[in-house]
Amino acid sequence: MNNNRMKIGTIIAVLVVLSVLPFLLDSYLIHILNQIGIWVILTASLNLMVGYTGQLSFAHVGLFAVGAYTSAILTTSAGFSFWTSFPIAAIVAGVLGFIIGLPVLRFKTHFFAIVTLGFGEIIRLTIYNWRDLTGGPNGIYNIPFPTNILGLDFALREHFYYLILISAVLVVLFVKLLIGSRTGKAMIAIRENENFALFVGINTWKVKIFAFTLSAALAGFAGSLYASYNSYISPYSFTVSESVSILLMVIIGGMGTIIGPILGTTFLIFLPELLRSVSEWRMVIYGGLLVLTIMFMRDGILGLIKSFVRKKKHHSEKNLLSTGKEEAAIAGSERN
Amino acid sequence: MKKVKLGLVIFVLSVFAALAGCSKGSEETSGKSGGSVETVEIGVVLATSGPIAQTGTWVLDGHKAAEKEINDNGGFKVGDKTYKVKIVQYDSEGRAESATAATEKLINQDKVPVILGTSISSETAAMIPIAQRAKTPLITFVAASDILTAQGASFFSQAAPANKNYVEAGTKTMKDMEMKNIAFIYVDDAWGQSYGKLYPPAMEEKGLKIVATEKFAPEQKEFMTMLNKVKAKNPDGIVLAAETELAVPLLKQLHEVMPDVKIMESGGSIPEELIKVAPDAVNGLVTLSRAGAVTPEITKFQELFAKSNSYKANSFNYSGYDGIHFIVDAMQRAGTVTDKEKINKAIRDAKYKGLIGTYSFNEKGENSLVGNRAIIKDGKVIYQTVNEPLPK
Amino acid sequence: MGDQIIQSILDGLVSGSIYGLMAIGFTLVFGIMHVINLAHGELYMLGAFTTFIMVGVYQINFFVAILAAMLIVGGLGFLIERYIFRPLRNTAMLNTLLASIGLSIFISNLVLKIAGTGMRSIPTPFSDKSFTIIGATISTHRLMVLLLTALLVAVLFWVIKFTKFGRSLRATSQDQDASALMGVNINLTYGLVFAISAGMAAMAGGLIGSLYVVDPTMGLGPGLKAFIIVILGGMGSVVGAIVGAFVMGYAETFTSLFWAASYQDLVGYILLILVLLLKPNGLFGGAKR
Amino acid sequence: MLEVKGISRFFKGLVALDDVTFTVKQGDILGIIGPNGAGKSTLFNCITCFFPPSKGEVYFEGKKITGLNPFQITELGLTRTFQHTQVFPKLSVYENITTGQYVMKRKDPSRTKRQLEQKAHEIMEFVGVSEYKDTTAENLSLGYQTRLAIGIALATEPKLFLLDEPAAGMNPEETKQLVHLLREIRTKLGVTIILIEHDMKAVMGLCDKIVVLEYGKKIAEGTPQEIQENPRVIEAYLGSEALA
């Protein structure tokens, strides 16, 4: 039981460090952390689908865009404040997720991927061409910051940091609780073996629709944060290459875990920033690294760290137990 | 186990390479105060990768030519001190997230006094709120969409010839080319759409009839159906609005469908580039252009540019060159290289004669650069202002 | 309006065959190797660049240049399969998909760095003369694209249906282990399949590159379009890829005829989703594993 | 307990099942035997609504279940295993069992978390996989995986349990243990069992009643004794030594 307490200890330590950061770093690094925070919420929502329910979705950037545009339109032309517009943005994205989910969730693996990619692009192209509502390619500018509450002035990056930090922590916690719950078990069962899950008494259709709608709402919420934070949005930031990069963040970090996508998001947002000064070769290194990561670190950064830890633990265990139980099980299993 | 060890090595290697890259960056800024002549860092954000990397690279080459020229003759004087120019450029990859991150890095880590904005309107629009909040002057010499000045940011100035100023020159050129029934074809992006809005009323006013209007998607390459549809309306003139990368396939196919129709392009394409890639399809084409008649300064710049670049200078290089000199002039008039507010005021009050015209701004940051035109005749480009008659 | 319809039918035929050239290579790799190769667009771009270097710089005959480009890029395809896709062969399809994304970013940016952003155009060997068939005009070059695509499809069908190698391809696509037992050298077969697919992409690049423009990022659009067409036509079926290509070609042609050119992509995606809703495995897709 | 009435199933002209009728009493073990391709698995798939029968109906405890979804039937207390053993590969044995308990919340909402955990451990003990509690299912041997599959099914606390060739690929020793386990399921848990199996020794020793299928038709029904002497059955199996 001690590693549980150790785990909670590290989490609290990390949170304390995170809450102190704004006082130590300049606002460029804070801006990067804010971007990471927003993307953590988006990748957490995507992880619900890819990591836990095993459905590879390319629509999440479209739902992220719906959330961003709903909140932007409400706050600019309808005069709503951020605090009333972000729940609406999440609901609108969730409802759209439900509507898209109905036809889409019938498909499996690569068909599901391509159909969600199609819907993602349909959302982007509709935003692009619906000029009088969304401003078309010009986008929407002068999106106001959230009105000040609790003495925080959100025009300052450092204060907005806390709003994003709290939202990210809440979302990650929510995902953790959901996965621990009964529905979470059903989602994991669907990922592991969808047909068999049907026979264990899981209404796979209902669970998938629930997961997709929920993750759509979370993506919408991330979108509303993104719009208010950047105060300018345009269809150019919701393209297919964006949905590819958030998918990479989830998978390279280690999908189907809570910490994996967070590591992946941090790694894939910090890496291009760190490589900024090597600007000519930056994208070449980025592409090359992706290929190497997929080939050698298949369960992602987290998998790498875990195997590193397990290797250390394994050595210590071996000399303790003469006939390790684990070895018996492995010896027993003559399957492939 | 072997694989995991290898994976570990790669992972460590990549982080190490990244950190090395980062440290190289920061150690540079610390060298600021050393040496007899101080260095002034000018922030530049341009898309040098991604789909529209071409324009960004041209502008950057223009910036570098000016930087080399200033530093070769000992830097520039402000008050009693002389300064060398150092360009700190970050690639925005054609994505708003990358552009905003680069802007934050320039303002907060490199602490540059001024930033030259990007070649793409949607990126620049995302950077304006950041520059405004950090009270750092941001100026673009390329992004021409009118949404940039519509944000009303006091620290943003648009030194690129805005579409509004070009409409005048455009309608006059259409008249000069004796076009009656015009087919108007424009790219459906932020830049193209502002023409889509501005041209029709202006053309109607001048009695020019629009027989067909077509818009096409930025990544589109196949235009045959659209051109045949336009051909059915048998226009005697075609007005295009398309960046160079998109204009080439369009012009090649236009040459197939309507070989001898008069064509005018409203300033998105570079004539020299069109000749190089599609010589026979563009003969007789007139494009609006930033650069007017070839002034002595332009010839001097072309010689300077030829020394360090393998291709012939074009008007995006001119704008890049003007950009650095304009900032240096503004700093000299402001009498400071660090006080951002004073520099911004000097920028807004500028009356600087550059290669492509005189830069001056109104209170909204819009400039008064007037469009010129360039005519492609038998493989050569003739630049002129719109008042001169078209060469026969 | 009448002759415009005929003209559009001809234009649709041309853009259909252009998409066909791209999609066939893609579906071969998926049908036989069950690998989704999103770097297919970059092989198309490399084909265009090789053809440009040979024709534009060294003035080699256009057709020789295309053949050479097919061989060079085909060889590269063989190496890519050997060193990147073979280690990932028995892992989840997700890995090969993601590895191909990394590869696509790597190749397009490498060429961007080496060749610079400049645009180039391959001088077309075909005369400017255009033919008029029942009221619709088509340039020699586009006619050549039509004919070469038809030729390529015919050759491919002949290879798959009648040659020993063709049979081993079909066997491997059904059941990799069984055909290995039958003495089919799986590694060689997969390597050759990837090489053929890369070669076809290179041919498309050279042929279509001279119609449009050659630059490092030209592969992004066609790569994604090929993926959509293959899914539309039915994963892994060559007939499906060809039919899917013409369906997409005509959808876009008639969209720009009756609506506006800028809505082409939107209609393409809506069409894809409608077809998949009605026939989940695509028009000709067999229920793969 | 279960009434199968006139079940037929056609696949594009091929008659997989032709008018099969039989009933199963509470607490019985019914064996279904027949040469390969006799339609045994198809019959199972029709009963458990994996796909609907072309004709005929199935009643479970008097209630018509044809046309329902598989997960609804599990709720009613009817569950099954598959010819190719189905488990949740990357989950540990314990997680596999707890996933099986998903349906319990609806069947018995009053059940607390503690009780469910307790039940899970009992089941693992019962099917003899508790030593590998934390091993992932895919690392287990075929024998242990089959036991786990049975454990998952028991976790749904069924009243009727259908097993599709559980002993396939097992050595005699493992088969003996399996028969022992099936007997205990009936006696200790009071679960009615329907078993498809080729191993005649196991079937004859275990089942109260046997149904024999051939080319989709029911050719015989009765006690193991009657079946062994029934000429139709002998002829169907051409006197293979299995009947001896």
Rolling a 1.4 angstrom probe over the protein heavy atoms, how many square angstrom per residue are accessible across the range A:174-275?
25 Å²
So, how do all the Cα-to-Cα distances of the range A:98-163 break down into 10 Å bins, in percent, from 0 on up?
17, 25, 22, 28, 8
To the nearest hundred square angstrom, how large is the accessible surface buried between A and C, total for both chains, probe 1.4 angstrom?
3100 Å²
About the Cα centre, charge dipole magnitude for the range B:250-384 (Lys/Arg +1, Asp/Glu -1 at Cβ), debye:
320 debye
Roughly speaking, what is the centre-to-centre gap between the range B:217-250 and the range C:58-134 when only Cα atoms are used, to the nearest Å?
27 Å
Carbon and sulfur atoms: what percent of the 1.4 Å accessible area of the protein assembly as shown do they account for?
63 percent
Nearest 10 degrees, 0 to 90: helix D:172-189 Cα axis against chain D principal axis
80 degrees
Running Debye on the range D:126-244 with equal point scatterers at the Cα sites and no solvent, what base-10 log of I(q)/I(0) appears at q = 0.09, 0.10, 0.22 Å⁻¹?
-0.29, -0.36, -1.31
Value of Rg/Rh across the range B:109-217 [Cα atoms, Kirkwood radius]
1.09
Under Stokes-Einstein, with the Kirkwood radius over Cα pairs standing in for Rh, what whole-number D in µm²/s applies to the protein assembly as shown at 25 °C and 0.890 mPa s?
72 µm²/s
Centre separation in Å (Cα based) which lies between the range D:179-224 and the range A:216-274:
56 Å
If you take the alpha carbon radius of gyration of the range A:1-130 and divide it by 2.2 N^0.38 Å, what ratio comes out, to two decimals?
1.32
Hand me the chymotrypsin sites (Phe, Trp or Tyr not before Pro) from the range C:1-87 located in a DSSP loop with no more than 10 other Cβ atoms within 10 Å, in residue order please.
C:Tyr58
Quick one: Debye curve from the alpha-carbon atoms of the range D:34-164 only, equal weights, vacuum; give me log10 I(q)/I(0) at q = 0.22 Å⁻¹ to two decimals.
-1.27
So the FRET efficiency between C:Val64 and A:Leu152, C-beta based with R0 = 60 Å and rounded to 0.05, is 0.30
Degrees separating the helix A:204-230 axis from the principal Cα axis of chain A, which is the longest one
50 degrees
Probe 1.4 Å, heavy atoms of protein chains only: per residue, the accessible area of the range B:244-322 in Å² is 34 Å²
Semi-axes of the range B:271-392's equivalent ellipsoid from the Cα gyration tensor, sqrt of 5 times each eigenvalue, largest first, rounded to whole Å?
32, 17, 11
Given an 8 Å cut-off on Cα distances and at least 6 residues of separation, report the relative contact order of the range D:88-155 as a percent.
53 percent
Using a 10 Å cut-off on Cβ to Cβ distances, tally the other chain neighbours for every residue of B:160-168 and report the average as a whole number.
0
Comparing the chain by itself with all protein chains present, which residues of the range B:246-265 are at least 10 Å² less accessible (probe 1.4 Å)?
B:Val248, B:Pro249, B:Lys252, B:Gln253, B:His255, B:Glu256
Here the Kirkwood hydrodynamic radius of the range C:180-219, Cα-based and in Å, equals 12.1 Å
Need one number: buried accessible surface between chains D and A, 1.4 Å probe, both sides summed, DNA, RNA and ligands left out, in Å² to 100.
2400 Å²
Cα-based equivalent ellipsoid of chain B: semi-axis lengths in Å, sorted from largest, via gyration tensor
38, 26, 20
Env charge @ B:Leu369, Cβ radius under 13 Å, K,R +1 / D,E -1, value +1
As a test of the definition: with a 1.4 Å probe, what buried accessible area, both sides summed, do you compute for A against B, in Å² to the nearest 100?
4000 Å²
Quick check on the range C:159-289: what are the equivalent-ellipsoid semi-axes from the Cα gyration tensor, as sqrt(5λ), descending, whole Å?
32, 20, 11
Quick calc: nm separation of the 7 Å Cα→Cβ label points for A:Glu194 and D:Lys12 -> 2.3 nm
Calculate, in nm to one decimal, what B:Lys351 and B:Lys135 gain on full extension: separation in residues at 0.36 nm each, minus their alpha carbon distance.
75.5 nm
When Lys and Arg each count +1 and Asp and Glu each count -1, what net charge do the other residues less than 15 Å away from D:Ser54, Cβ to Cβ, add up to?
+2
How big is the range A:24-239 by the Kirkwood estimate over distinct Cα pairs, in Å?
17.7 Å
More than 11 angstrom apart: percent of Cα pairs within the range A:193-235
70 percent
Over chain D, average the accessible area per residue using a 1.4 Å probe and give it in Å², no decimals.
44 Å²
Using the scaling law 2.2 N^0.38 Å as the reference, what is the normalised Cα Rg of the range C:1-77?
1.41
Once normalised by the length of the range A:24-239, the mean sequence separation of its alpha carbon contacts under 8 Å that are 6 or more apart gives a contact order in percent of 43 percent
Would you report the distance distribution of C-alpha pairs in chain D as whole percents per 5 angstrom bin, up to the bin with the largest distance?
1, 6, 14, 17, 19, 17, 13, 8, 4, 1, 0, 0
Among D:Ser110, D:Ile97, D:Thr135, the residue whose Cα sits farthest towards the positive end of the charge dipole of the range D:88-155, when +1 is placed on the Cβ of each Lys and Arg and -1 on the Cβ of each Asp and Glu, is D:Ser110
Please compute, for the alpha-carbon atoms of the range C:2-278, the extent along each of the three principal axes and give them in descending order in Å.
58, 50, 35
Keeping all protein chains in position, work out how much accessible area B:Asp188 exposes to a 1.4 Å probe, and write it in Å² to the nearest 10.
0 Å²
Could you grab the Rg to Rh ratio for the range A:150-230? Cα atoms only, Kirkwood for Rh.
1.16
Kirkwood Rh over alpha-carbon pairs of the range D:88-155, then Stokes-Einstein at 20 °C and 1.002 mPa s: what D in µm² s⁻¹, rounded to an integer?
182 µm²/s
Per-residue Cβ counts within 10 Å, from other chains only, averaged over A:202-213: what number is that?
2
What is the Cα centroid distance between the range D:137-166 and the range A:22-85, reported in whole angstrom?
43 Å
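The values are calculated or read from the model by the stated rules, or taken from the named source; none is laboratory data. Worth saying up front: this structure is predicted, and the values here are computed from it rather than measured. Reconstructed Cβ throughout: ideal geometry from the backbone, glycine too, with neighbour counts over all protein chains shown. Accessible surface is based on the protein model in full, side chains and every heavy atom, while ligands, DNA and RNA are left aside. Shrake-Rupley method; radii C 1.70, N 1.55, O 1.52, S 1.80 Å.
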